[in-house]
1. Which pairs do you get when a residue that is farther than 13 Å from V54 by Cβ, found in segment 2-28, comes within reach of a residue that is of a type in the set (D, E, K, R), reach meaning Cβ atoms under 9 angstrom, with the pair 6+ apart or on two chains?
2. Looking at segment 1-21, which of its residues are in contact with a helix residue (DSSP H, G or I) (Cβ under 8 Å, 6 or more places away or on another chain), modelled with pLDDT under 90 and part of a helix (DSSP H, G or I)?
3. For segment 22-36: of the residues being under 13 Å from the mean Cα position of the chain (by Cα) and not in a helix (DSSP H, G or I), which is farthest from T46 (Cα to Cα)?
4. What do you reckon, is A49 of a type outside the set (F, W, Y), under 14 Å from the mean Cα position of the chain (by Cα) and farther than 26 Å from A3 by Cα?
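The values are calculated or read from the model by the stated rules, or taken from the named source; none is laboratory data. In this text the structure is predicted, and so the values were computed from the model without any measurement. Neighbour counts are summed over all protein chains in view; Cβ atoms, including those assigned to glycine, are modelled from backbone coordinates with ideal geometry.
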Amino acid sequence: MSALAPREQIRATFDRVLAEGLKAESVAGTSDEQIDAWAAAQGVDTVPAAVRIVGVVG
């Protein structure tokens, strides 16, 4: 298990895939409103915090 906090784990993973060739401009963040609309369209009442972290990391 990683000693990093979830936000740091996600950032480290994102940085690693950038280093492996993913172009940062090929991904975009998203707003809480967009995440909430996506979740509602899926019939979900709550969204894990990690989803919101991923939405803004880029």
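1. Close Cβ pairs satisfying both conditions: S2/E8; L4/R11.
2. Result: P6, R7, I10, R11, F14.
3. This residue is V27.
4. Details: of a type outside the set (F, W, Y): yes; under 14 Å from the mean Cα position of the chain (by Cα): yes; farther than 26 Å from A3 by Cα: no.
Answer is no for this residue.
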